[in-house]
Amino acid sequence: MSETPPVVRLRDVALVYGAARALDMVSVDLPAGVMVGLIGPDGVGKSSLLSLVAGARVVQTGVVETLGGDMSDAEHRRRTCPRISYMPQGLGKNLYPTLSVFENVDFFGRLFGHDRRERERRVAGLLARTELQAFAERPAAKLSGGMKQKLGLCCALIHDPDLLILDEPTTGVDPLSRRQFWELIDDIRRDRPGMSVIVATAYMEEAERLDFLVAMDAGRVLATGSPDELKARASATTLDAAFIALLPEAKRRGHEEVVIPPRAAGVDEMIAIEAQGLTMRFGDFTAVDQVSFRIPRGEIFGFLGSNGCGKSTTMKMLTGLLPASEGTARLFGREVDPKDMAVRRRVGYMSQAFSLYGELTVRQNLDLHARLFGLDPEAIPGRIAEMANRFGLDDVMDSWPDALPLGVRQRLSLAVAMIHAPEILILDEPTSGVDPIARDNFWSILAELSRKDGVTIFVSTHFMNEAELCDRISLMHAGKVLISDTPAEIVRSRNASNLEEAFVACLEDAIGEPPASPAPSPAPRDPADGAVPQPTVPSVRRSFSLRRMFAYSRRETIELRRDPIRAALAVVGSLILMFVIGYGVNMDVEDLTFAVLDRDDTTVSRDYVQQIAGSRYFIEKRPLQDYADLDRRMRDGTLSFALEIPPNFARDVARGRNVELGAWIDGAMPARAETVRGYVQGMHANWLAGKARLLYGSAATVGEFQLAIRYRYNPDVRSLVAMAPAVIPLMLIMIPAMLAALSVVREKELGSIINFYVTPVTRFEFLIGKQLPYVALAMLNFVLLTALAIFVFQVPFTGDFICYAVGALLYVSATTGMGLVISSFMGSQIAAIFGTAVLTLIPASQYSGMIDPVSSLQGAGRFIGEIYPTTHFITISRGAFSKGLGFDELWPSLVPLALAIPVLIGLAGALLRKQAR
Amino acid sequence: MRLANVFDLGVKELRGLGRDPMLLGLVVYAFTLSIYTESHALPETLNRAAIAIVDEDQSPASSRIVTAFYPPFFTPPKLILQPEMDKRMDAGLDTFALDIPPNFQRDLLAGRSPTIQLNIDATRMSQAFTGGGYVQSIVSGEVTGFLDRHRASENPPVDLALRARFNPDLDKGWFGAISDVILSITMLSIVLTGAALIREREHGTVEHLLVMPVTAVEIMVSKIWSMGLVVLVASAVSIVFVVEWLLAVPIQGSVALFLAATAVHLFATTCMGVFLATVAGTMPQFGLLLMLVLLPLQLLSGATTPRESMPEIIQTLMLAAPNTHFVILAQSILFRGAGIDVVWPQFAALIMIGSILFVLALRRFRAFLR
């Protein structure tokens, strides 16, 4: 082993996130061709180290060499990344949850440039090996934890890597799946003996079977060597103990081995929790099937099972959160009634993730829970002080929980669960991710609660050494309890050497598989899959690959189709908005209500009223009775306009005496009032002119000159005719840009961007691949919007449609490009949504000639207007809709649009990082 | 439902909001700066409208007209030749093009009634409307000034005394300010309640609440009252200090009645916030959903443009939305000084819509908790 150069060399590597130091001057060599393990609790820098080694993260200081080259060298990264495979931490983190099993693996195959035949062969082989072929059509989100991890492995192995990097691949997975996972790795290593594997793990049992270990704490390497070497150095019998012994003295102080005194047998056999034939069905799916157990008071009862096996459903039925479909649950002999709030007061609960309020201080959290459990307000401060003291929280009472270390937060969660002195404590994987010392402290508290206070503890875990501490344990799988007994008895009855083996045996029985199957899986072996690994795929070298680009387009399309809200926005969002704007921002004022207080009531006064009532703008309501009526009806908004005609109006007009008509407009909406005023004044003048013509003949109205007004392009001056061609460009920038920005930011937020970092995809393949589906969607929207304008809004289309469509294609390519540029400086999806809306809408509505022509703008606004794509497309849209124009007249607007596309995509490419910072 | 739980959980929501600078900033912005700028934005006023003039006369009368157009209402006019006119309008460079015919001055003085042509690009709606009138009166004024004589009115002496009630000067700032308060109330109540629920879901604290002796109704009502209270207080402060005091907009009716109406409206909109949050599930989806829901709700409610100019079907459909009634109510109380005797039908409608939304939201919320 010593002759071969190390697969990874680290020299003085440090990594800092803000104020936090993740790695502190790490120097280590990892041997090639073997299984290397990084061990240590959460937050010691394992993941940071792996991401540096994989090239997914920028090297800040020091030297990282992987496969014989410097990882800060982009050229070396480009060359080696097809030889590395990286599976990040978190169940299915690099997978796409809405894609099916097959689609996920297939996508990775495309990224590595495999053609269809090659992909089908490899995908079929991998799925067969991992026994996932039966689930090929199932979306990744609906897989169990173990299956997700196997699928992740398939995706990681599709290109036959030389270095496989696995970050906590089995955390949260049931023991059998875990075993199967490692067998799969062994199996693959048999085929590819040269392959190096680097694994981070929190399970010491797993670490035992690795070849070389790196123990880490607080960003530093504590020790390296084989498991036996480490144990020998610490003179400990288990790795767990060895790890604790290797920790610096300051951390070890006060640590004691957890010893739980045996329960005094027969003293107190009152049954605290009892389940009899508990069954829960959701539709035709049975989540929990005939579960029965009896837990005496004061016992620590362990519950083991993988994610989704029915653990939480059982717990919910026990607390009465869910009414059971069948069977009964009893707490202290009383049947659980979901409506019975009193039961919940006897139960304390601590959930898996830290789920207290980060926005409340430690004290406020305790106080809130005390109140919700209905503690006597007088007694609350005393109780809080007691809990703080008991759980060691005195110093942190006024801190925010987010700022506390994981171990302290765990104690806080326990304190909150215990605030109302429950008789039963339900703990859902309380110690995941906590370092061994904090975990032992935690269990010491549990032991005390059980033995001294007689609290019944129901705890779920996936750590075997924790399970061993329980008085009795149950193993749950697929809704059924497989076995339930004391740890020692379980090991004995299975003739196993330890608890893990016993459990795996139980699981295998339940699933009906041959016991202990390290034998090669029954997958059909392809000749090419033989002992001689194929060289890496040749097409990877190409600088721009259409296949990789379309892989992203395809995936984006599938994902969009399966996300109803995003798909709705993409397809009909702009249609809805245009419809709303078309009718909501209507400047036509019609159907105004008015009423008359006619005190004259002669033919002349009725003629005057008729003048108004006959116009298309006004609707006459029943006559006004008096001023009080007028006042009331104007106040409640039923009249926009009221007219009072004085007595003797007709007589006075005929005699040429001065007459005054009273008129009131509802001024609440000034814009409408102004229009009303204009209409009324116009009609009044008209009436007067008519009267004058009657009185003095036609000579009276000849003016000095005439002003002939031509409303061009929109002779009826209809709002919609003017609006629609300007709103279409607005719609085609906001939503396409937003969706394009989201498509990138989503990947950043959900973590699947990692696949872009560590696969041979180039920036432009990634960007254009993501952009294409949105360009297509935007064109569909364009057609729909245009049809809406022409057929529903009745806007005449007078120009050249082909020219208009070409303009639209160029425009949406530019606007989706803008979305990609925006995505490079948006951190979260919600910021991308609102940020894109603001960043696109303001220039588009203010500076693009929608209201004021760009030629009338000055300064920065003028500059933005000149270069902004919307300006040019509004000209094209108005020209094609209303002005009857085509290519001959509109080409000066098409050219800038065409130029904008490469500029924007180039900019987006320049801003997109190929590594995390 | 235990009131103490509802109270304690609500206080927790308020503390949570207090620790969220983004949302707090949004509340403060929406009820102060946004209202201030909205009342000072004068979208209808003509600003640097682009005008071109074809002067085929080149006489003192025509040049008098040409020099009458200047900023800020118009750009300095572009003097162009007749053939350019159509091309420039096609390219969207000018909104107005004035064509003064040859021999304009001679015909004018000879009483031959010459015709000036004014071309307006009617695809630019706002400028076309207001600007057309301006151009007309400027040209008439200049010609009248040129002729320097005034013809006595020969029309019959009937005056129309036209007064605008509730806003005598038709100050658009008044309308802008109050409309913005109305819009902010609706928007924030939905956003705050939805965000409060989703925050809880994303942090996994909902699950935690469920194992406590707390019911779904209590959780939902606590969010409704706390977030509703924040918006209610913010809108009261904004009506009294920003609208009445800072912007000096006279409020005709009773502020207390308006706040009572706001409270009822908030009941309906906060329920809507809960409902939308349960549909969306995550913050990004909630954001997208808001895009699709908020804009139609706001634009079609009659807050910005009069309801009667919308198609009948939309007017009817929008009666199902709480803010349609709230807009009618708020405009009646604040602008027209209406009392409860006038606006009780809207109150009744809001209470009914609110109750329906509450039941729907609660049903979805229960399913959401499963």
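All of the numbers you see were taken from the coordinates with simple rules; none came from a lab. Given the structure is predicted, the values throughout are model-derived calculations rather than measurements. Here the Cβ is made from the backbone with ideal geometry for all residues, glycine too, and neighbour counts use every protein chain on show.
Would you mind putting A:149-157, A:851-859 in packing order, based on average other-beta-carbon counts within 10 Å, highest first? Write out the running numbers ahead of the final one.
Numbers: A:149-157: 25.2, A:851-859: 19.0.
Per-residue mean Cβ counts within 10 Å order the peptides as A:149-157, A:851-859.
Taking each residue in B:288-296, count the Cβ atoms of any other chain within 10 Å of its Cβ, then average. What number comes out? Present the calculation step by step, with values, prior to reporting the outcome.
Numbers: counts 14, 3, 2, 11, 8, 1, 0, 5, 7.
That works out to 6 on average.
If you filter the range A:186-254 for trypsin sites (Lys or Arg not before Pro), then keep DSSP loop positions with at most 10 other Cβ within 10 Å, what is left? Don't skip to the end; give the middle numbers.
Working: sites: A:189, A:190, A:209, A:220, A:231, A:233, A:251, A:252, A:253; in loops: A:209, A:253.
Answer by residue number: A:253.
Quick check on chain B: helices-only [θ] at 222 nm, where DSSP H runs of length 4 and up contribute -39,500 (n - 2.57) each and the sum goes over total residues. Nearest 500, please. Write out the running numbers ahead of the final one.
Values: 15 runs with 227 residues, N = 370.
Counting only the DSSP helices, I get -20000 deg cm²/dmol.
Using every alpha carbon pair in chain B, what percent of pairs falls into each 10 Å bin from 0 up to the bin containing the largest distance?
Binned Cα distances yield the sequence 5, 19, 22, 18, 14, 11, 7, 3, 1, 0.
For residue A:544 and residue A:325 in the same chain, what is the full-extension length gain: residue separation times 0.36 nm, less their Cα-Cα distance, in nm?
Details: separation 219, 0.36 × 219 = 78.84 nm, distance 5.72 nm.
This chain segment gains 73.1 nm when fully extended.
Kirkwood hydrodynamic radius for the protein assembly as shown: how many Å is it when counted over pairs of different Cα atoms?
Computed over Cα pairs of the protein assembly as shown, the Kirkwood hydrodynamic radius comes out at 36.0 Å.
What is the angle, in °, between the Cα long axis of helix B:172-202 and the longest principal axis of the Cα atoms in chain B? Nearest 10 is fine, range 0 to 90.
30
Could you check the simple spin-label distance between residue B:140 and residue A:395, using points 7 Å along Cα→Cβ, in nm with one decimal?
Taking the simple label geometry, residue B:140 and residue A:395 are separated by 8.5 nm.
Please compute the average number of Cβ atoms from other chains found within 10 Å of each residue's Cβ in peptide A:313-321. Show your work: numbers first, answer last.
Numbers: counts 0, 0, 1, 4, 0, 1, 3, 1, 5.
Mean shielding by partner chains, rounded to a whole number: 2.
As I understand it, the value is the acute angle between the Cα axis of helix A:101-111 and the longest principal axis of the Cα atoms of chain A; what does it come to in degrees, rounded to 10?
Rounded to the nearest ten degrees, it is 80.
Compare the Cα positions of A:624, A:31, B:320 along the charge dipole of the protein assembly as shown (+1 at Cβ of Lys, Arg; -1 at Cβ of Asp, Glu; about the Cα centre) and return the one farthest towards the positive end.
A:624
Just counting partner chain Cβ atoms within 10 Å, what average do the residues of peptide A:642-652 show around their Cβ?
Numbers: counts 1, 2, 1, 0, 0, 0, 0, 1, 0, 0, 3.
Partner Cβ neighbours, averaged per residue: 1.
Do any GluC sites (Glu not before Pro) in the range A:312-410 lie in a loop, going by DSSP, with at most 12 other beta-carbon atoms within 10 Å of their beta carbon, and if so which? If you can, show how the numbers build up before the last one.
Values: sites: A:326, A:335, A:359, A:378, A:386; in loops: A:359, A:378.
Of the GluC sites (Glu not before Pro), the ones in loops of the range A:312-410 whose Cβ has at most 12 other Cβ atoms within 10 Å are A:378.
Measure up A:46/A:231; A:480/A:748; A:748/B:12; A:142/A:914; A:93/B:223 against 27 Å on the Cα-Cα distance and list the ones that go over. All intermediate terms of the calculation are to be shown ahead of the outcome.
On the way: A:46/A:231 20 Å; A:480/A:748 38 Å; A:748/B:12 31 Å; A:142/A:914 30 Å; A:93/B:223 33 Å.
Violating the 27 Å Cα-Cα cut-off are A:480/A:748; A:748/B:12; A:142/A:914; A:93/B:223.
What does the charge dipole of the protein assembly as shown about its Cα centre add up to, to the nearest 20 debye, if the Cβ of each Lys and Arg holds +1 and the Cβ of each Asp and Glu holds -1?
Values: 122 positive and 134 negative charges, 268 e Å.
The calculated dipole for the protein assembly as shown is roughly 1280 debye.
Give me the extension gain from residue A:588 to residue A:245: residue separation times 0.36 nm, minus the current Cα-Cα distance, reported in nm with one decimal.
115.2 nm
Against the longest principal axis of chain A, how steep is helix A:763-787, in degrees 0 to 90 to the nearest 10, with axes from Cα atoms?
Once rounded, one gets 40 degrees.
Relative to the present Cα-Cα distance, how much length would full extension add between residue A:334 and residue A:562 at 0.36 nm per residue of separation? Display every interim value, and only then the final one.
Details: separation 228, 0.36 × 228 = 82.08 nm, distance 4.57 nm.
Result: 77.5 nm gained on full extension.
List B:264, A:259, B:66, B:274 from most exposed to least, where exposure is judged by having the fewest other Cβ atoms within 10 Å.
Numbers: B:264 21, A:259 9, B:66 17, B:274 28.
With the sparsest Cβ surroundings first, the list reads A:259, B:66, B:264, B:274.
Of B:322, B:72, B:157, which has the largest mean-square fluctuation in a 10 Å C-alpha GNM of chain B?
Of B:322, B:72, B:157, the Gaussian network model singles out B:157 as fluctuating most.
At 7 Å along Cα-to-Cβ for each site, give me the label-to-label distance between residue B:2 and residue B:147 in nm.
8.8
Can you list the trypsin sites (Lys or Arg not before Pro) in the range A:269-349 that are in a DSSP coil and have 15 or fewer other beta carbons within 10 angstrom?
On the way: sites: A:281, A:294, A:297, A:311, A:316, A:330, A:334, A:339, A:344, A:345, A:346; in loops: A:297, A:339, A:346.
Passing both the DSSP loop test and the Cβ count: A:339.
With loop defined by DSSP as not H, G, I, E or B, and exposure as at most 16 other Cβ atoms within 10 Å, which is the longest segment of chain A clear of exposed chymotrypsin sites (Phe, Trp or Tyr not before Pro)? Working shown, then result.
On the way: sites that count: A:332, A:544, A:797, A:825.
Counting only loop sites that pass the neighbour cut-off, the longest clear stretch is A:1-331.
Using 7 Å Cα-to-Cβ label points, what is the residue B:369/residue A:602 separation (nm, one decimal)?
A separation of 7.6 nm, rounded to one decimal place.
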